[in-house]
Amino acid sequence: MVDEELDTAQTFRLILESSGLRVDIFTDPKKALGTFIPAYYDLVVIDVRMPGMNGFELYSQIKSIDYKIKVLFLTALTDLQDYEDFKSKVSLKQHQRHFVQKPVEKDQFLDQVHFILF
């Protein structure tokens, strides 16, 4: 779980752990990248807008280390055009990767994670 907001990352970790998943959280995308281990993680949940390195840049770097990694992008985009642009980038440039828009309901988030993993 990579989100620059510690509270947000911790909340998502609690949700995922309540479902029986093991979760590491990072608030710094560069630190997440520096400690990423190929074939160790089944899924990376990445916020799109982060300082220093955005979620697409982080994904690209992680994908070059582990091409099999699955990803779920998070976005808080609220402007309809920004959201449509975001979906286009995810679909066309990120090989049909999954995304959810924040705020997201707990059950919807868990359903998306389980869909990706299982």
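The values are calculated or read from the model by the stated rules, or taken from the named source; none is laboratory data. This structure is a prediction, so every number in the text was calculated from the model and none was measured. Positions of Cβ are generated from backbone atoms using ideal geometry, with glycine treated the same way; all protein chains shown enter the neighbour counts. Just the protein is used for accessible areas: all its heavy atoms, side chains included, with ligands, DNA and RNA removed. Shrake-Rupley method; radii C 1.70, N 1.55, O 1.52, S 1.80 Å.
Quick rundown of the values:
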| item | result |
| --- | --- |
| Residues being outside any loop (DSSP other than H, G, I, E, B) and either within 20 Å of Lys68 (Cβ to Cβ) or of a type in the set (Ser, Thr, Tyr) (or both) - total across the range 1-15 | 3 |
| Some residue of the range 56-74 being among the β-branched types (Val, Ile, Thr), open to solvent by less than 60 Å² (accessible area, probe 1.4 Å) and more than 22 Å from Asp107 (Cβ to Cβ) | yes |
| Any hit, the range 47-59, residues being out of contact with any helix residue (DSSP H, G or I) (no Cβ under 9 Å at 6 or more places or on another chain) and at pLDDT below 95 | yes |
| Residue ID - most open to solvent (accessible area, probe 1.4 Å), chosen from residues in the range 16-30 that are outside any loop (DSSP other than H, G, I, E, B) and under 16 Å from Asn54 (Cβ atoms) | Lys30 |
| Test result for Arg13, more than 14 Å from the chain's Cα centre (by Cα) and either surrounded by fewer than 18 Cβ atoms within 10 Å (Cβ to Cβ) or free of Cβ contacts under 8 Å to residues at least 24 places away in the same chain (or both) | no |
